[in-house]
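Chemist: Sending over a structure as structure tokens; questions will come in a sec.
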Amino acid sequence: MSNRSAVLVIDDEEAILQVMQLNLTSQGYRVFTVPSAEEGLRVLADRAMDAVIVDYQMPGMDGLEFLVRSREKHPDVPVIMVTAHGTIEMAVEAMKKGAFNYLSKPLNYDEMILLLKQALEKKHLVEDVQRYRQELRSRNRFEQIITNNRQMLDMLEMVANVAETDATVLIRGETGTGKELVARAVHYGSARAAKPFVKINCTALPDTLLETELFGHVKGAFTGATRDRRGRFETADGGTLFLDEIGDISPNTQAKLLRVLQEMEFEKLGSDETIKVDVRIVASTNREMEAAIREGRFREDLFFRLNVVPVFIPPLRDRRDDIYPLAHKFLERFSQKHRKDTQVIPSEVMITLLKYDWPGNVRELENSIERAVILSKGESLELRHFQMLKGAETVRKPKSERALLVELEEKYARYPNTLALVAKELGINVSTLYRKRKKYGIV
């Protein structure tokens, strides 16, 4: 930590100001001195300070009033109180009102330097944590979801508004569409962003294990339970619990989950003690929930509890205009990760990527680009490294040129950089492509 920190010293005795300035300057601090609390507030308003040392008893505004007023506008600036007339009660009152610590006159300057270092270390630690949280929040917000698709953009706008509330959200979409990414964006776009985001994959756990993962257990609850364990609900208290693939849980667990969502309270396995929590629920599913309800595999009342705000993420095949930007984003990421020089997706590769149906959605595209980057030898990706694309041309029914043109233009026209690729696929130049778009009335 650099000692170039700026310290404001406030005392009505000129001699004390001079001695304190001398001692602090010798330690490398930048020192600013004023003879009154009123002037101290003006300095704080005009100049950024890292810490304040203020005398308690001064004419006019005293140190305690200064402390209260300074913390209203500068709560992150630590204040050390100094007094020659103080009592333990005064010191306790100052600490209650937010003082970092206090010193008694005559001053022990070694003690003053030590307290100042501790105050600044705490301030910088808090700033580092806040910076980390902000970076984490930024990395997980909606801006990190790459899309040019109108349907996706409308969905994200709606979710951004919902994120600011505590409403329960049910995210629906095929496997690999990015449901967890949207769930994280909901959490980090909310007032709960500084609290935990806890995920549990409901598909990956058998019913008996899922219950203890959700609600926890006490020692001796079952064979092998050698200690108490917190469940995901307890861990997520104050934050968000993401129930991934909620459609796969058993009827027994559904009943217990319904009660928790209604009351926000539960008992650990093997315990009679009721635990209350404050948790926001975001769930996801790739199931046809309405069919599951009709067939008796999912409780309708639980579905209504989860489906307060329904969110649908379309599959990648229905938003092909996202393939181009996603592919280039993944190329950039994995070239850096694997220390490759690969920078180019050739047009023949991109055309094939655009035409493929991507049954595994964005996750399949991501994995495919990473594999191709790993296998690449030069600056360009090669079609032969995309194993899933072999035979892709024969899977789809043949289309007339006009039908193919209409399909391609409808899907890709919103992303201008793909027009050259569309034209090449059709064997026409870009100007002809523009004329055909006009002819068919496609904007």
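The numbers here are math on the coordinates, done by the rules we state, and not lab data. In this text the structure is predicted, and so the values were computed from the model without any measurement. Please note: Cβ atoms are built from the backbone with ideal geometry, for glycine as well, and neighbour counts cover all protein chains shown.
Chemist: Could you list which residues have their amide H under 5 Å from that of Ser36, counting only those 5 or more apart in sequence or on another chain, with H placed in the peptide plane?
Modeler: Result for Ser36 returns Asp11.
Chemist: On to the next question. With θ set to phi - 60°, apply the Karplus curve 6.51 cos²θ - 1.76 cosθ + 1.60 along the range 40-49 and write out the HN-Hα couplings as whole Hz, x wherever there is a Gly or Pro.
Modeler: x, 5, 5, 5, 4, 6, 9, 9, 6, 10
Chemist: Evaluate the distance, in nm, between pseudo-label points positioned 7 Å from the Cα of Ala84 and of Ser104 along their respective Cα→Cβ axes.
Modeler: With each label placed 7 Å out from Cα toward Cβ, I get 1.5 nm.
Chemist: Which entries in the list Lys73/Lys122; Lys73/Lys105; Lys123/Lys199; Lys96/Lys195; Lys73/Lys123; Lys96/Lys123 go over 22 Å, if you measure between the two C-alpha atoms of each? Intermediate values should be presented prior to the final figure.
Modeler: Working: Lys73/Lys122 19 Å; Lys73/Lys105 28 Å; Lys123/Lys199 32 Å; Lys96/Lys195 25 Å; Lys73/Lys123 16 Å; Lys96/Lys123 18 Å.
The answer is Lys73/Lys105; Lys123/Lys199; Lys96/Lys195.
Chemist: With θ set to phi - 60° and the Karplus curve 6.51 cos²θ - 1.76 cosθ + 1.60, what are the ³J(HN,Hα) couplings of the range 145-152 in order, to the nearest whole Hz, using x for Gly and Pro?
Modeler: For the range 145-152, the Karplus-derived couplings read 8, 8, 7, 10, 7, 4, 4, 5 Hz, x marking Gly and Pro.
Chemist: Normalising by the residue count of the range 142-314, find the relative contact order in percent from Cα pairs under 8 Å and 6+ residues apart. Mind dumping the intermediate values first?
Modeler: On the way: 311 pairs, mean separation 55.8, N = 173.
After rounding, I find 32 percent.
Chemist: Using the Cα atoms as the points, what is the convex hull volume per residue of the range 6-135 in Å³?
Modeler: Details: hull volume 13.7 nm³, N = 130.
Hull volume over Cα atoms, normalised by residue count, gives 105 Å³.
Chemist: For Leu209 and Ala194, calculate 0.36 nm times their separation in residues minus their Cα-Cα distance, and state this gained length in nm to one decimal.
Modeler: Details: separation 15, 0.36 × 15 = 5.40 nm, distance 2.86 nm.
Separation in residues times 0.36 nm, less the Cα-Cα distance, equals 2.5 nm.
Chemist: Shifting gears a bit: Can you compute log10 of I(q)/I(0) for the range 142-314 with the Debye formula, treating each Cα as one identical point scatterer, at q = 0.13, 0.14, 0.17, 0.19 Å⁻¹?
Modeler: -0.64, -0.74, -1.05, -1.27
Chemist: Whole Å is fine, so just give me how far the alpha carbon centre of the range 156-203 lies from that of the range 350-370.
Modeler: 24 Å
Chemist: Can you tell me the length gained on complete extension of the stretch Asp341 to Arg69, counting 0.36 nm per residue apart and subtracting the Cα distance?
Modeler: On the way: separation 272, 0.36 × 272 = 97.92 nm, distance 5.69 nm.
The Asp341-Arg69 span can extend by a further 92.2 nm.
Chemist: To continue, here is another question. So, in Å, what gap is there between the alpha-carbon centers of the range 34-110 and the range 242-296?
Modeler: After rounding, the separation between the Cα centres reads 52 Å.
Chemist: Starting from the Cα gyration tensor of the range 1-64, take the square roots of the eigenvalues, sort them a ≥ b ≥ c, and report rounded, prolate or oblate (rounded when a/c is under 1.5, otherwise prolate if a/b is larger than b/c, else oblate).
Modeler: Details: a/c = 2.40, a/b = 1.39, b/c = 1.73.
Oblate, because a/c is 1.5 or more while a/b does not exceed b/c.
Chemist: Which shape class applies to the range 234-287: rounded if a/c is under 1.5, otherwise prolate when a/b exceeds b/c and oblate if not, where a ≥ b ≥ c are the square roots of the Cα gyration tensor eigenvalues? Intermediate values should be presented prior to the final figure.
Modeler: Details: a/c = 2.35, a/b = 1.33, b/c = 1.76.
Here the range 234-287 falls in the oblate category.
Chemist: Take Phe242, Phe215, Phe32 and order them by how many other Cβ atoms sit within 10 Å, fewest up front. Don't jump to the answer; show the numbers that get you there.
Modeler: On the way: Phe242 26, Phe215 23, Phe32 17.
Listing Phe242, Phe215, Phe32 from fewest to most nearby Cβ atoms yields Phe32, Phe215, Phe242.
Chemist: Another question, if that's okay. Report the label-to-label distance for Val308 and Asp62 in nanometres (one decimal), using points 7 Å from each Cα along the Cα→Cβ vector.
Modeler: About 4.9 nm, to one decimal.
Chemist: Turning to a different aspect of this structure: Under the 0.36 nm per residue contour assumption, what length would be gained going from the current alpha-carbon distance of Met95 and Asp318 to full extension? It would help to have the intermediate numbers written out before the result.
Modeler: Numbers: separation 223, 0.36 × 223 = 80.28 nm, distance 6.03 nm.
So the chain would gain 74.2 nm between Met95 and Asp318.
Chemist: Summing Lys, Arg as +1 and Asp, Glu as -1, what charge do residues with Cβ under 11 Å from the Cβ of Ala236 carry, Ala236 excluded?
Modeler: Details: positive: Arg192, Lys195, Lys199, Arg230, Arg232, Arg280; negative: Glu234, Asp237, Asp278.
Residues close to Ala236 contribute a combined charge of +3.
Chemist: For a quick check: with amide H placed at 1.01 Å from N, whose amide H comes under 5 Å from Met58's, ignoring anything fewer than 5 positions away on the same chain?
Modeler: Those lying under 5 Å, H to H, from Met58 are Gly63.
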